[in-house]
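The values are calculated or read from the model by the stated rules, or taken from the named source; none is laboratory data. What you see is a predicted model; the values in this text were computed from it and never measured. Here Cβ is always computed from backbone atoms with ideal geometry, including for glycine, and neighbour counts include all displayed protein chains.
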Amino acid sequence: SQTIHQWPATLVQPVGSPLSLECTVEGTSNPNLYWYRQAAGRGLQLLFYSVGIGQISSEVPQNLSASRPQDRQFILSSKKLLLSDSGFYLCAWSGQGANYGYTFGSGTRLTVV
Amino acid sequence: KQEVTQIPAALSVPEGENLVLNCSFTDSAIYNLQWFRQDPGKGLTSLLLIQSSQREQTSGRLNASLDKSSGRSTLYIAASQPGDSATYLCAVRGGYALNFGKGTSLLVTP
């Protein structure tokens, strides 16, 4: 069966520090991969999605970037964190094709101080 | 741009009641609709996935319906239990992205 792993679970980082969040998927190949952010009191916002290795699409201009160095690995990064980057970050995957549903990871709670 | 609205924002019911959560969306050109459950501080757990060609899906005490032409979906929970307490999120897929509502926070009291 397919599983999705996301780490770390919680992170407290100072303003201006770098960020790296990692997500891996097991049990499937060539998945679509996604990064979402859930800010307090707001809905879930799509940040990035990837349909293949090295293929990244950005939905929202921001201080963040994403990379997909391997088929089942998706990384969210920042060179310098801002206070507004605080939130709950969720990785998700879906099969290729529009009829597939999404499966989400357990999330990373990021607090920028 | 797809807008997804969930009503009510919060709901408190006594254990054993049947309840309905509502979701509406503005653009009927969707591939599918998915209902999720989110417990505090946790990720999203998929409950039901309804394709655009389907009218409903059932899983245990949960039943979700979809009326694509009117832009509406409902999640019916039968015989609610305290363990059902969580936030329920509706999401529609029109392309690669899932567009989410802000959720309904459900509290089931013993």
Subject >> segment A:18-28, subset at pLDDT 95 or above and surrounded by 13 or more Cβ atoms within 10 Å (Cβ to Cβ), residue nearest to A:Lys80 (Cα to Cα) >> reply: A:Leu19
Original post:
Condition test on A:Arg42, is it among the charged types (D, E, K, R) and either within 12 Å of chain B (Cβ to nearest Cβ) or on the phi > 0 side of the Ramachandran plot (or both)?
Top reply: yes
Original post:
When you scan segment A:26-48, how many residues do you find that are within 19 Å of A:Gly97 (Cα to Cα) and of a type in the set (D, E, K, R)?
Top reply: 1
**OP:** State whether one or more residues within segment A:20-35 are facing chain B (nearest Cβ under 10 Å) and closer than 23 Å to B:Val4 by Cβ.
**Re:** yes
**OP:** Could you please find all residues in segment B:69-103 being in a loop (DSSP other than H, G, I, E, B) and within 14 Å of chain A (Cβ to nearest Cβ)?
**Re:** B:Gly94, B:Gly95, B:Tyr96, B:Ala97, B:Gly101, B:Lys102, B:Gly103
Original post:
Before we move on, is A:Leu90 closer than 18 Å to B:Ala97 by Cβ, modelled with pLDDT under 95 and not acidic (Asp, Glu)?
Top reply: no
**OP:** Residues being under 22 Å from B:Arg37 (Cα atoms) and either of a type outside the set (A, V, I, L, M) or within 17 Å of the chain's Cα centre (by Cα) (or both): count how many of those fall in segment A:76-103.
**Re:** 14
Original post:
Given (1) among the polar types (S, T, N, Q); (2) within 23 Å of A:Thr3 (Cβ to Cβ); (3) touching a Pro at 6+ places or on another chain (Cβ under 9 Å), where does B:Ser80 come up short, assuming only one miss?
Top reply: (2)
Original post:
Just checking, which of B:Ile50, B:Ile30 is within 14 Å of chain A (Cβ to nearest Cβ), part of a loop (DSSP other than H, G, I, E, B) and crowded, with 18+ Cβ neighbours inside 10 Å?
Top reply: B:Ile30
Subject >> Positions within segment A:104-113 being crowded, with 21+ Cβ neighbours inside 10 Å and either touching a Pro at 6+ places or on another chain (Cβ under 7 Å) or within 23 Å of B:Leu33 (Cβ to Cβ) (or both), in sequence order >> reply: A:Phe104, A:Gly105, A:Gly107, A:Thr108
